[in-house]
Each structure stands twice: as C-alpha cells, then as structure tokens.
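Asks: Please read through the structure below; I'll follow up with questions.
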Ligand SMILES: Cc1cc2nc3c(=O)[nH]c(=O)nc-3n(C[C@H](O)[C@H](O)[C@H](O)COP(=O)(O)OP(=O)(O)OC[C@H]3O[C@@H](n4cnc5c(N)ncnc54)[C@H](O)[C@@H]3O)c2cc1C
C-alpha cells in the first residue's frame with residue numbers, strides 16, 4: 001500500500017531527474033523539509049537513461065589534475081557558440097556555481113564524479129574550444145547501497161543496455177567493442193556479464209550502475225539520506241496560489257487528488273516536452289503535426305511542468321534556433337508491438353559508416369555531434385519531405401562496431417534482418433533497392449568516398465578533423481580514426497529518423513532559476529530547472545553534458561534561493 005502524501009512542506013519539487021533531485025538534495029542539506037513528487041512508477045527520468053555527463057568547466061576534478069583554465073577562454077567559446085544569445089549572467093552563474101555544486105555534492109552527499117579530462121568540446125575549430133577538463137560523469141555506483149529503494153530506480157534504457165546492463169563510457173565501452181579481439185577485453189566482459197547475471201538472479205536487475213543510472217541512483221540515495229519525502233506514481237496537475245505567491249500544487253496519486261502546500265515554493269523539474277505532441281508541432285519545424293519526431297526520452301515527459309508554469313504566468317522562450325537536443329534515432333520493433341528508439345550516439349563516427357539521404361548522397365560529417373548531424377539533415381531535406389536518412393556500412397563494420405540495435409559480434413543479427421530493422425544487400429545497388437533509395441547515386445557516393453577513404457581522407461565533409469571527431473572514432477584505426485573504406489559486401493543499412501535526447505525550449509527564468517512572467521518579473525515561489533527551464537545554451541549544443549551540467553547547477557542554485565541561503569561566490 002502506498003504511503004500517505006504529506007499535506008505541507010517547505011519546498012515541493014515536481015519531477016525526479018537531475019534537475020529536481022539536485023534541487024531537492026541541496027534544499028534538504030540546507031535544512032528545508034522537501035517533498036519530491038514523481039509521476040512515473042520509477043524515479044530518475046531521462047537522467048537515469050542518460051550518459052550522465054555534465055559540462056562543468058573549471059570543475060574540482062579537472063583542477064586537481066592540473067587543468068586550470070582561465071574563465072575567459074570558456075567565455076570566448078560560449079560567446080562564439082551562442083552568438084547574440086550569450087547571456088553573461090547565466091554563464092557567470094554556471095562558471096562560479098558549477099564547481100561549487102560539484103564540491104558540495106562530493107562533500108555532503110552520496111553523489112560523486114569521475115573526470116572528463118580527455119573529453120573535448122564538440123566544436124574544436126571554434127575559438128576557446130576545450131580539449132578536456134570541462135566535464136564530469138557520475139562515478140559508478142553499487143546499487144546495493146540503495147537498499148529497498150533500488151526497485152524504485154528507473155532501469156537503464158533497454159535499447160542501449162544488453163541484458164539490461166548499462167555499459168560505461170570510456171574504458172568499459174572499449175572493452176565491449178574489443179571483446180572478440182583482445183584477451184583482456186574478453187576477460188573484462190566475461191567478468192562484467194558474470195556479475196550482472198548474478199545480480200539479476202539475486203536482485204532482479206544489475207547492481208553495477210554506471211552513467212546516468214549511477215547519477216540518478218546517487219541522487220536518490222542522497223535524497224533518502226537527507227530525509228527528503230519521495231513519492232512516485234504522483235503527478236502534479238495544478239499550481240496553488242496565495243495572492244501572487246506560488247504556495248504549492250495539487251497532485252494526483254492513485255486516482256485521488258490532494259493539495260501539497262509549500263511554504264518556500266515549488267520547483268518545476270518535469271523534464272521538458274519531448275512527448276508533448278502539441279508543443280512539438282509548434283516548435284519543431286521538421287514535425288508539423290508533432291508526430292514526425294521520436295524522442296529517446298521517457299514517455300512520461302509530456303511537458304506538464306511547462307504547462308503548469310504557463311498557467312500561472314510563466315512563458316516559453318520563443319524562437320530558439322533548435323527547440324530540442326536533436327539526435328538521430330532508429331525505430332526498433334519490439335515483440336510486443338511497441339517501438340523502441342535507439343539513439344545513434346557512437347557508431348556513426350567509426351571508420352566505414354556513412355549517412356545518406358534517399359538521393360544516395362551524403363549530407364554531413366557523420367562523426368560530428370548527434371545534434372549537428374541532425375541539423376545538417378534538416379538543412380538537406382527538401383520542404384515537404386520527411387527528415388529521414390540511412391546509416392550504411394559493410395559486414396566487417398557491422399560485426400566490429402554494431403549498427404544501432406544490431407549489436408557487434410558475437411550477438412546474432414538474424415532477427416533484425418527478419419523484422420526489417422536491418423536492411424541487407426550483396427552489392428551497393430542491392431542495398432539501395434532494399435532501402436528504396438537511388439542506387440546509381442549511392443554507388444557513385446560510395447565510390448567517391450572510398451577513393452579518398454583509402455588514404456584516410458574525407459575532403460567532402462572533413463571527418464576526423466576535430467578532437468571530438470577523433471575521440472568518437474576508433475583510436476586503433478590509422479591514419480584517420482573516423483575514416484575507412486566501405487566494402488567488400490555484403491552491405492547493411494538502418495533507417496534513421498529525427499529524434500532527441502530532450503528539449504531546449506522551456507520556461508524563461510532568471511539566473512536564480514526563478515520563473516519570469518511576461519514582463520520579465522519573477523513569479524514569487526516558482527522555480528524551473530532541468531529541461532523545464534529554457535536552456536542557457538539557447539538551442540545551441542557546444543559540448544556533451546550541456547543539459548545535465550546546468551540541470552545540476554541550477555537545481556543547486558534554486559535550492560539556495562528558496563532556502564534564503566546566499567550562494568557563496570568565492571572562486572575555486
Ligand atoms: C540516451 C540519452 C543519453 C543522454 N546523455 C546525456 C549526457 O550524457 N549528458 C547530458 O547533459 N544530457 C544527456 N541526455 C539528456 C539528459 O538526460 C536530459 O536532458 C536530462 O536528464 C533532463 O533532466 P531533467 O531533470 O530536466 O528531466 P528528467 O530527468 O527527464 O526528469 C523529469 C521527471 O519528471 C517526471 N514528471 C513529468 N511530469 C510530471 C508531473 N506532472 N508530476 C511529477 N513528475 C513528473 C518525469 O516522469 C521524469 O521522471 C541524454 C538523454 C538520453 C535519452
């Protein structure tokens with residue numbers, strides 16, 4: 001039987017991803033009585049499915065490793081990337097409070113981090129671009145520490161987690177890709193699998209939590225440790241007001257409605273609008289009905305927080321160049337008839353895969369970020385046509401790196417060919433026919449690409465030209481980790497649809513995360529964080545981690561504001 005809902009608290013947090021839980025944990029540590037309501041049956045939101053990377057320049061782990069960047073160089077990069085939308089106040093808050101947030105979580109909570117000291121920013125040719133030390137990931141976490149709470153944590157995203165086992169970025173992933181080629185990698189994978197299956201037998205799920213699952217688990221553990229009241233299956237449906245002040249919310253749990261009053265305010269943290277069809281139709285030009293877009297975020301993220309904010313005077317920032325964090329996805333048929341969304345974040349950059357439109361032509365540097373690849377696809381798609389393309393490779397590539405949900409050797413691929421997810425052709429022309437694309441165009445494209453790829457070059461799009469490209473490639477492939485010829489056959493393809501990792505457009509706030517009304521004045525007692533807050537990157541995507549870094553930082557900032565505890569401004 002579910003526990004009764006409290007009728008009042010100091011701070012009510014709506015949504016349990018990184019933004020909401022960072023605010024909740026910080027506020028509880030500052031002495032507030034905090035309630036978190038979560039609509040889904042699990043806590044963790046998109047955060048629990050994510051890579052868990054947070055962009056926090058000048059963070060304590062980088063500094064401890066001797067990476068001591070001048071703030072000005074980071075500002076230069078952001079000025080270049082954000083153009084007229086560069087907002088000095090938000091940038092200063094991220095640069096000053098981001099590192100403090102990291103130290104706070106390390107010192108006071110169960111949240112801990114590993115460094116991203118080798119991870120470059122996306123746009124290595126822009127002035128001020130970083131080559132490492134600007135990001136962090138959650139440290140792997142032993143799920144046993146969550147005790148009975150473990151069952152409430154959202155499991156990893158099925159599409160990217162073989163047997164429900166998340167693979168950590170970096171060394172863990174490299175071992176998995178080399179498992180059939182190198183003995184140490186084989187032994188690593190064997191040991192990971194053995195532990196995973198033992199955990200599953202004993203606990204119903206894997207316990208070695210990595211990436212975003214570790215971040216959500218660590219935040220959840222911290223919230224429990226600090227006495228935060230956590231309620232799942234409980235959706236906020238209406239805001240409560242007392243005069244101008246936001247005084248709580250009406251929530252619905254098990255068909256019953258109840259008010260929760262919140263003396264210090266309410267934090268909206270429902271993860272943006274990746275599954276709000278109406279708003280997608282308004283803000284995603286490639287999705288005129290809202291249905292031509294397949295977000296990889298969980299289906300419970302239906303834009304509730306933004307609507308709740310608008311109902312009390314908040315407004316959504318219009319006109320961002322990109323209202324979402326675009327990502328190529330493939331649609332994965334499941335035995336129960338549902339469709340999974342596989343986010344293509346990694347294999348595109350490996351040597352020997354290219355992306356082509358139905359005219360058989362390439363349109364982008366496939367090793368660029370997921371967001372940039374999709375922007376290029378939108379630009380290349382003629383008006384009225386669906387923004388779709390194909391990711392193609394040869395047999396050796398497929399078995400070495402995998403292609404979407406069709407995993408590398410030793411995983412079998414027969415079922416993916418049978419259900420049509422994976423297309424196959426003995427020749428390039430036969431593959432084109434299997435995909436319904438221009439065979440002569442594709443043949444000419446592959447011939448031209450291969451002519452240069454033999455030398456490790458890609459003059460058409462410059463694959464491998466940036467540190468980010470090269471990091472995403474195969475470090476063992478020479479001379480260019482991102483470029484290799486395609487062939488001999490057979491050849492394979494997966495269809496790519498427009499998707500996203502989350503949304504960027506959100507409620508306009510100030511740099512204390514207070515929601516602003518149409519006149520730009522803060523609505524007393526109302527905060528928005530995570531993807532309910534309009535992204536400080538204003539629809540640009542300069543680096544991995546630019547949603548979770550600000551989500552954690554502005555959650556921390558909002559909690560200070562609601563608590564009345566001033567933010568310290570001393571530098572690290
Ligand atoms: C595969 C993948 C990889 C990614 N990797 C990264 C990465 O490495 N770095 C990065 O920065 N970003 C990454 N992202 C994006 C990132 O995960 C999201 O932008 C981020 O998690 C959003 O955090 P949030 O707190 O705003 O929302 P969420 O984590 O989505 O949490 C919102 C929660 O609110 C709940 N909710 C919704 N409506 C209500 C309601 N009415 N009442 C109560 N609760 C409600 C939802 O159920 C959900 O649990 C990735 C995304 C995906 C899909």
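Every number in this text was worked out from the coordinates using simple rules, so none of it is lab data. Small disclaimer: the values here were computed from a predicted structure and weren't measured. As a convention, Cβ positions derive from the backbone with ideal geometry for all residues, glycine included, and neighbour counts pool all protein chains shown.
Asks: Take every DSSP beta bridge with both residues inside the chain and express the antiparallel ones as a percent of the total, to the nearest 5.
Replies: Bridges in the chain that DSSP calls antiparallel: roughly 75 percent.
Asks: A follow-up question, please. When the convex hull of the C-alpha atoms of the chain is computed, what volume per residue in Å³ does it have?
Replies: Working: hull volume 83.8 nm³, N = 572.
With only Cα atoms used, the chain gives 147 Å³ per residue.
Asks: Cα centroids of region 189-259 and region 89-112: how far apart, whole angstrom?
Replies: Their Cα centres are 22 Å away from one another.
Asks: At 0.36 nm per residue, minus the direct Cα-Cα distance, what do residue 457 and residue 478 gain on full extension? Give it in nm, one decimal, please.
Replies: On the way: separation 21, 0.36 × 21 = 7.56 nm, distance 1.08 nm.
Here the answer is 6.5 nm.
Asks: Please report the orientation-averaged projected area of region 314-429, defined via the convex hull of its C-alpha atoms, in nm².
Replies: 9.8
Asks: Measure out, as a whole number of angstrom, how far apart the alpha-carbon centroids of region 1-47 and region 493-572 sit.
Replies: Here the two parts' Cα centres lie 17 Å apart.
Asks: Also: Which of rounded, prolate, oblate describes region 230-273, given a ≥ b ≥ c as roots of the alpha-carbon gyration tensor eigenvalues and a/c under 1.5 marking rounded, otherwise prolate only if a/b is larger than b/c? Could you put the intermediate results ahead of the total?
Replies: Working: a/c = 1.99, a/b = 1.36, b/c = 1.47.
Oblate, because a/c is 1.5 or more while a/b does not exceed b/c.
Asks: Here is a follow-up. Going by how many other Cβ atoms sit within 10 Å of their own, how do 416, 326 line up, fewest first?
Replies: Least to most surrounded, the residues fall as 416, 326.
Asks: Which value in deg cm²/dmol, rounded to the nearest 500, describes the helix-derived mean residue ellipticity at 222 nm for the chain, given -39,500 (n - 2.57) per DSSP H run of n ≥ 4 and division by the residue count? Can you show the working numbers first?
Replies: Details: 16 runs with 176 residues, N = 572.
So the calculated ellipticity at 222 nm is -9500 deg cm²/dmol.
Asks: Taking the beta-carbon count within 10 Å as an exposure proxy, list 169, 535, 330 from fewest neighbours to most.
Replies: Ranking 169, 535, 330 by Cβ neighbours within 10 Å, fewest first, gives 169, 330, 535.
Asks: For the residue pair residue 173 and residue 41, what label-to-label distance in nm results when each label sits 7 Å from Cα along the Cα-to-beta-carbon direction?
Replies: Going by the 7 Å Cα→Cβ label model, 3.0 nm.
Asks: Any chance you could tell me what percent of the C-alpha pair distances in region 31-78 go past 12 Å?
Replies: Working: 858 of 1128 pairs.
Counting pairs separated by more than 12 Å, the tail of P(r) holds 76 percent.
Asks: Taking R0 as 45 Å, what FRET efficiency do you get between residue 4 and residue 409 from their Cβ-Cβ distance, rounded to the nearest 0.05?
Replies: Taking R0 as 45 Å, the efficiency between residue 4 and residue 409 is 0.25.
Asks: Now for a separate question. If you average the alpha carbon positions of region 355-400 and of region 435-465, how far apart do those two centres end up, in angstrom?
Replies: If you average the Cα positions of each part, the centres end up 12 Å apart.
Asks: Calculate the translational D of region 162-267 in whole µm² s⁻¹ from Stokes-Einstein, where the hydrodynamic radius comes from the Kirkwood formula applied to all Cα pairs, the temperature is 20 °C and the viscosity 1.002 mPa s.
Replies: Result for D is 122 µm²/s.
Asks: Let me ask another. For region 386-529, what is the relative contact order in percent, using Cα pairs closer than 8 Å and at least 6 residues apart in sequence?
Replies: After rounding, I find 29 percent.
Asks: I've got another one for you. Report the extension gain between residue 190 and residue 379 in nm, rounded to one decimal, defined as 0.36 nm multiplied by the number of residues separating them, less their alpha carbon distance.
Replies: 63.6 nm
Asks: For the residue pair residue 277 and residue 259, what label-to-label distance in nm results when each label sits 7 Å from Cα along the Cα-to-beta-carbon direction?
Replies: 3.4
Asks: Give, in whole angstrom and from largest to smallest, the semi-axes √(5λ) of the equivalent ellipsoid of region 373-496, with λ running over the eigenvalues of the Cα gyration tensor.
Replies: Values for region 373-496, descending: 22, 20, 15 Å.
Asks: Over the chain, what is the relative contact order in whole percent, taking alpha-carbon pairs under 8 Å and six or more residues apart? Display every interim value, and only then the final one.
Replies: Working: 1356 pairs, mean separation 128.1, N = 572.
Relative contact order of the chain: 22 percent.
Asks: Report the Stokes-Einstein translational diffusion coefficient (µm² s⁻¹, integer) for region 1-143, Rh taken as the Kirkwood radius over Cα pairs, at 20 °C with viscosity 1.002 mPa s.
Replies: Result for D is 126 µm²/s.
Asks: Region 440-533: D in µm²/s via Stokes-Einstein (Kirkwood Rh, Cα pairs, 4 °C, 1.567 mPa s)?
Replies: In µm²/s, the coefficient rounds to 73.
Asks: What nm value, rounded to one decimal, do you get for the distance between residue 92 and residue 417 when each label is placed 7 Å out toward the C-beta?
Replies: 6.2
Asks: If neighbour count is taken as other Cβ atoms inside 10 Å, put 167, 73 in order from fewest to most.
Replies: By the 10 Å Cβ count, ascending, the order reads 73, 167.
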